[in-house]
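Just below is one structure, and these are the notes that go with it.
The values are calculated or read from the model by the stated rules, or taken from the named source; none is laboratory data. Please read these numbers as outputs of a predicted model, since none were measured by experiment. Here the Cβ is made from the backbone with ideal geometry for all residues, glycine too, and neighbour counts use every protein chain on show.
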Amino acid sequence: MLPSSSFWKKNQQKLAPWLFLAPGMLMFVIYVLVPIFQSIWISFHDWDGLGERVWIGFGNYVELLDDDTFYVALKNNLIWLVLYLLSIPAGLAAALFLNQTVTGIRLYKSLFFFPFVISQVVVGLMFTWFYAPDFGLFSKLTEWLTGEQIAVLADERFVTYGIIVAGLWPQTAYCMILYLTGLNNINPEQVEAARMDGAKGVKLLWNIILPQLGPATFIAMVVTVIGSLRSFDLVSVMTAGGPYGSSQVLSYFMYEQALSEYGFRMGYGAAIAVVLFLIMMIFISLFIVRMLRQERNA
């Protein structure tokens, strides 16, 4: 008893943080790291999820490279990635507006915050009705402006962009929350000093405020990139990958191959998941490297 007691007293400050981290680390290993390695292992097999696994090596990946639907999904994911980043400047603009002291600002904050707290399924249904021909508000507006209606979700040219617009609504709200938190932590002395030196407007925003919002921007960037690449809910609710597979994304393609009524191809679905994971890791690694360089230069 005495040796263990003395050991704890000598190393208490070193061991205490690890004891607090241990439950979270254990959950992370069990529910994140282990499934990642299991998915990689399954991707090398032909498996229906129930029967015996058959080792086929890189067969699923070779088949994936010859699958036209994979390239459609990959292209759509890249479109999602580029356009989804618009939520970051939009969230910043909303946060700058809501950071003002004006009459009714709490009501405005509630209205801007509302998209973030509702389910993605609800957002998908709302925009499905918004785009609906004959009675949808968007269809009525386009008919009034151009003389003809546009069935956004039934047109291969516009369907992906229509779903992305639906996704930008709650994502902008999330980025807005991050920037509002960052604005509350800005050093007011630096802002006042810059104003005394004549800085205002865009110059004040670019040189004083945005550098202090770096951590919020980093988190918003990472979360937005991950959200764009794992977009599933809205595609499933609004189009189910249609029309004719034109709105497919990698996450829905993975679900369709592994779990839907089209077939239980767990190995093929796992191969799609691994590709999606590698794409995410590339972008996240680039962001982390850039952040570390900025911190070293600072």
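Quick one: Phe135 ticks every box in (1) outside any helix (DSSP H, G or I); (2) touching a residue at least 12 places away in the same chain (Cβ under 8 Å); (3) more than 16 Å from Ser247 (Cβ to Cβ) except a single one, so which number is it? Just one mismatch for Phe135, condition (2). Taken over region 244-255, the criterion of being out of contact with any Leu (no Cβ under 6 Å at 6 or more places or on another chain) and at pLDDT 90 or above is satisfied by Ser246, Ser247, Gln248, Val249, Ser251, Tyr252, Phe253, Met254, Tyr255. Please work out which one of (1) free of Cβ contacts under 8 Å to residues at least 40 places away in the same chain; (2) within 30 Å of Phe158 (Cα to Cα); (3) within 22 Å of the chain's Cα centre (by Cα); (4) surrounded by 12 or more Cβ atoms within 10 Å (Cβ to Cβ) is the condition Ser87 fails and give its number. Going through the list (1) free of Cβ contacts under 8 Å to residues at least 40 places away in the same chain; (2) within 30 Å of Phe158 (Cα to Cα); (3) within 22 Å of the chain's Cα centre (by Cα); (4) surrounded by 12 or more Cβ atoms within 10 Å (Cβ to Cβ), Ser87 breaks only (1). For region 243-298, the candidate set comprises residues that are among the hydrophobic types (A, V, I, L, M, F, W, C) and outside any helix (DSSP H, G or I); within that set, the residue that is surrounded by the fewest Cβ atoms within 10 Å (Cβ to Cβ) is Ala298.
Just give me the residues in region 107-132 being assigned to a helix (DSSP H, G or I) and within 24 Å of Ile150 (Cα to Cα), in sequence order.
Gln120, Val121, Val122, Val123, Gly124, Leu125, Met126, Phe127, Thr128, Trp129, Phe130, Tyr131, listed by residue number.
Could you say whether any residue in region 22-36 is under 28 Å from the mean Cα position of the chain (by Cα) and closer than 30 Å to Gly242 by Cα? Looking through region 22-36, at least one residue is under 28 Å from the mean Cα position of the chain (by Cα) and closer than 30 Å to Gly242 by Cα. When Trp169 is tested against the conditions (1) at positive phi; (2) without any contact (Cβ under 8 Å) to a residue 60 or more places away in the chain, the lone failure is (1).
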